1. Let's see if you can work this out: charge +1 on each Lys and Arg Cβ, -1 on each Asp and Glu Cβ, no other charges. What is the dipole magnitude of the chain about its Cα centre, in debye to the nearest 20?
2. At 222 nm, what helix-only mean residue ellipticity would the chain give, in deg cm²/dmol to the nearest 500, using -39500 (n - 2.57) for each DSSP H run of four or more?
3. Which value, in debye to the nearest 20, gives the size of the charge dipole of segment 331-452 about its Cα centre, when Lys and Arg are +1 and Asp and Glu are -1 at the Cβ?
4. Skipping prolines and chain starts, which residues have an amide H placed within reach, meaning under 5 Å, of the one on Arg49, given they are 5 or more residues away or on another chain?
5. Quick one: His595, His428, fewest Cβ neighbours within 10 Å first, how do they rank?
6. Only one of the values [x] 177; [y] 251; [z] 307 was calculated from this structure for volume of the Cα convex hull per residue in Å³; name its label.
7. When DSSP beta bridges are limited to those with both residues in the chain, what percentage is antiparallel, rounded to the nearest 5?
8. May I ask for the angle, rounded to the nearest 10°, between helix 14-24 and the longest principal axis of the chain, with both axes built from Cα atoms and the value confined to 0 to 90°?
Amino acid sequence: MGEAIGAGLGAISRHHQASSEWASTQQLDLPLADTEPADITLSVVRGPRAIEDDDFPFEALSEIAEIESWRKEINRPLYHIHKWWAHRLGSVFRAMAIGAFAPSGSDLLDLFYRPLRLMNAVVFDPFMGSGTTVGEAAKLGARAIGRDINPVAHFLVKNALSAHDRKEILREFGAIERDVADRIRQFYRASLPDGTQVDALYFFWVKTVGCPQCQADVDLFSSYVFARHTYPKKHPEAQAVCPHCGAVYQVRYDASDTRCACCKRTFDVRAGPAIGRKAACPSCSHSFAIAETVRESGQAPSHRLYAKLVLMPDGRKAYLPATDEDRQLYAEAEKALEQRANAFPIVAIKPGYNTNQALGYNYRYWHEMFNARQLLCLSILASRIRAVADPVRRDLLTCLFSGTLEFNNLFASYKGEGTGAVRHMFAHHILKPERAPLEANVWGTPKSSGSFSTIFKGRIRRALDYAERPFELRPSRRNGRSAGEKVYGLSGKIGFPLAANYRDFAKGKRIYLSCGDSSATDIADKSVDAVLTDPPFFDNVHYSQLADFFHVWQRHILGADGDRKAGTTRSPREVQSANAEIFEERLGAVLAEAHRVLKDEGILAFTYHHSRSEGWRSVLGALMTAGFRVTAAHPVKAEMSVAMPKRQAREPIDLDIIMVCRKRLAFARHRWNGDLWNAALPAAANQTSRLRSAGRRLSRNDVRVIVMAQLLRQLSMSLTVEAAVSLLEGSARDIESHIDHLHAIGAGAGADNGCGD
């Protein structure tokens, strides 16, 4: 124990040895208290680091990351207690943190699975997001600083990394359950035909729009099949609603013409009134544009309750049609809501790329994204949480409440059987009005999805468990398939008293989190050993426009003070922008601040990918202007494995690039001959070959990510930003040609890894 690493760990063959170790690994449980010495201590050293080595084991790390990515909320629950839009993989950032401090030649994979401590190391993440960097650095014993301009991000990380008393949290949740659970449940009761009272798991609604021709209400069903299994070929049973009598009955998922079991009328279950962007009125056959008709109406669409899913006394689930009794219960909720004062936040939705679609459907205020019963039950919960005396527990339960909002609104929909039933509102990364919304039971039952009680168990309790006993994943084989085993004992417990400011941090606190513009911090000059981060993309997904959905409710419960003084999380200093010049300028300002606080021998490493040339040009300009050059670039598995945007992309990107940078002042000035491709292309070809040899498929955009990163590595050696950008822009045709060539090698299963002409 206590083995110190200085300038030279003996290099071990990382890839071949690691694969043989994985094949025989069993679950490990290595006892390690937070105060016990580690197997290995890494001190801050000068000279090249392991993260700069050309043989950085990105193939093996991608295999670990792949396993984590399929169930991120289970494998790294600490960073998933609340919604955030860019969750980077903890295993990748653990490797980055180790590699940023281990000397060149170190066996990174061996260190990955060792009880390791980064002694006297300070790590800074200026784009904190969900807190991955800060959490992983803290697990390794480093002191960490995290900062984010968005109050929602800051709030969730503060709750994730604060010290929590598990027993007191469970006691507090139990008290809330005793006080309000039955009041909420009474609005999700339903009667069976024999009069038996049961819990409703979900109510099914459909948007209705008045026909411009005959004014009849038109249900915006695209199909009358409203529930099916995730794996329909294996489980072909589905549920349909009759457009004539409203009956609910079972059909095959691929049925076409069917006869209603109740009214005996025949219809095509696949052909609802809504077809793409248009709808056809069943009464007069008039066809009309849906969005335009809604917009011209001047109000948000109405909704009709048509079905429910109930929990039977024997534990089975049953789909039933909505009844007058169900509608009366909803009317009672509407009346109860009217009698509550200050029941919900009334805040207007501001125009923006990610909010304009909702505004186009005449949703003008955030509370209009909920129906009356949802608002009533959320109001009951919010009032009770506001009354929690302890501020740390009140914050954590507010975080839980805020996370519940994502699944309990009129923009959520039904995923069906065989998976989590509720498709949350941000599945498409936009505020997309849902034509057939799902209303879940807000408090929930043991068989619910997306409810306050089940999210407490699935997010908060799981995060508390992980904080008590953190683990890493080691790839293995199970029943002939790739799997992951949990390795415990590598880290101490997670949960820290947080520093209030940098002065407090400098006195010895482990973690310092702040909310604000990362281009201007209170961190001392040259006090940080490594800046590890994941900057926002040059993109159209503006997190703040979406985060306001949560912010207005957090403010409603906790008050409009501190980070919540403003009614919006939007800021003119946000780095994220669809304008390349603005993105480059703001990213450059944050990187310049990173340059100021970073020690001269320190490492800047960040993950990035993009499919457009502007995104890469902006990063190159920002880096060089801030005073950095790229010393290494490694492809690694990105966080998305099952996300909706990835499924919908023609050429999805499955890779991130770890860009490793140093201060330019650390390198002697020299003239570069400008031979771009002779240096960049062999490196890119080698990396694509290594990934394919490891069994990883690469899309054309994956190859683009690798090529562009190697280009930036070479271009950042230019004497001026102007020269580097000019050469990059002048190489546009060559870039596409070389990407095509490297991609074709994989598509044709070619053996060579050369560069071609």
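Only the coordinates and a few stated rules stand behind these numbers; no lab work does. A quick note: this is a predicted structure, and the numbers were derived from the prediction, not measured. FYI the Cβ positions are ideal-geometry reconstructions off the backbone, even for glycines, and counts take in every protein chain you see.
1. Working: 97 positive and 85 negative charges, 244 e Å.
Dipole of the chain, to the nearest 20 debye: 1180 debye.
2. Mean residue ellipticity, 222 nm, calculated: -11000 deg cm²/dmol.
3. Numbers: 14 positive and 10 negative charges, 25 e Å.
Result for segment 331-452 is approximately 120 debye, rounded to the nearest 20.
4. Answer set, sorted by chain and number: Ser104.
5. Working: His595 23, His428 15.
With the sparsest Cβ surroundings first, the list reads His428, His595.
6. Read-out from the structure maps to [x].
7. 70 percent
8. 50 degrees
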